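This report concerns only the one structure given below.
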Amino acid sequence: MAMATLLSPPSAEFSELASSGTTFESSGRAFSGEVNLTEESLDQTSRHDAPPPPTAGPVGDANMALSAREEEEEEDYDTSSSVSGLVRATQGQRQQTRFVPAALSDITQSPSGTTVTAGVTLAAGGNQSMAVRHARPNEVDAWGEMPPEDIAGQNYVAVATGLGHSTTIQSDGSIACWGLNNHGQAPRTPIHGNDFVAVAVGSWHSLALRSDGTVVCWGFNNQGQAPPNGIPGKFVAIAAGAYHSLGIREDGSVACWGLNNHKQAPRRGIAGDYVAIAAGYSHSMAMRRDGTVRCWGDNSYGQAPPEGVPRKFVAIAAGWHHSIAIAQDGGAVCWGANDNGQAPPEGVAGAFVSVAAGECHSLALREDGSVACWGSNQFGQAPPAGVPGPFALPSSRF
């Protein structure tokens, strides 16, 4: 599960995905691309290929409307505040390093496409991990299961990885995907265009944020988590869970769509002053401007305590059934499932600037550019000794 913030939006109009296949539309702009449902077919017993369980919950497309009964049963969420003013991330302010979105009108472009609201340079998925190298070009290192096929020599500014597929934003604003493509979640042909500013990946679906604030979706849509027509609006950040998706609007509120069987994606959304979001298997998190964290959805493992977590943080991440946040002192605070050591209750000490949570493992990027890993290492996705790097810090201008 991954969450991505804004990169600098280039100004040119989006062109096309490529070749043939399904047509997607978002805010009146259509694009077509390859959706290969047979390529890279794997063993049908693989957990990556296994069809989702027949869970209850609203199944819809772009309208995401609740029935009258659902409206009556929907929990009331706070409506206390909204964003007023802009928050910029600067290298000297760790509390505004990774997830603080700026208003779309305030984004400025650097030569390779990133800004002070830097991209997500660290990602953890099912049994794989990724990080953007601090070099020119900014190549992606991947470790664990299902590494990239051929991504050398590219200049990347953001990464996202899910259960079995990955997406990246290249310095020209286009998207490259690899991994499992059984639901069209990772088309092999690059998604050309220079107006993509953020990406997020769920179990079998993908999201991308455009410079105009609209959200493009592709991949599995059985629960309305990736409507082919996209999500119109003015968003500044996106996140993808197993079967649900989240977005922060310009006003600081959170929009939710997809499966809501554990109230992880309430259709009324979450009103408030939020600057960061994260989505796990069936739980969701959001960080307020003041650093406090709100959780909702499934709390079977203590991953989403309804009362929140009584501390102030600077970054958040949600894994399969666990959650992580970076405290203001730079240490990682963990809660939720810890059966593989992915969320030690005592936390992980360090000087961390960003964090990522996978299915059963966790990653944290240190100030020196190295990555600390803990949790399941069955496929080499979380070597206990860590990964030396140096990797790009999220506030870097590439």
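Please name whichever of 285, 240, 266 sits farthest to the positive end of the charge dipole of segment 231-307, dipole taken about the Cα centre and charges placed at Cβ: Lys and Arg +1, Asp and Glu -1. About the Cα centre, the residue reaching furthest to the positive side is 266. Ordering 315-326, 192-203 by mean Cβ neighbour count within 10 Å, with the highest value first, yields 315-326, 192-203. Quick note on segment 227-342: its Rg to Rh ratio, both from C-alpha atoms and Rh being the Kirkwood radius, is 0.96. Is segment 317-382 rounded, prolate or oblate when judged by the Cα gyration tensor, a ≥ b ≥ c being the square roots of its eigenvalues, rounded requiring a/c under 1.5 and prolate requiring a/b larger than b/c? Cα axes put segment 317-382 in the oblate bin.
Taken together, the values in this text are just the output of simple stated rules run on the coordinates, not laboratory data. Given the structure is predicted, the values throughout are model-derived calculations rather than measurements. Here Cβ is always computed from backbone atoms with ideal geometry, including for glycine, and neighbour counts include all displayed protein chains.
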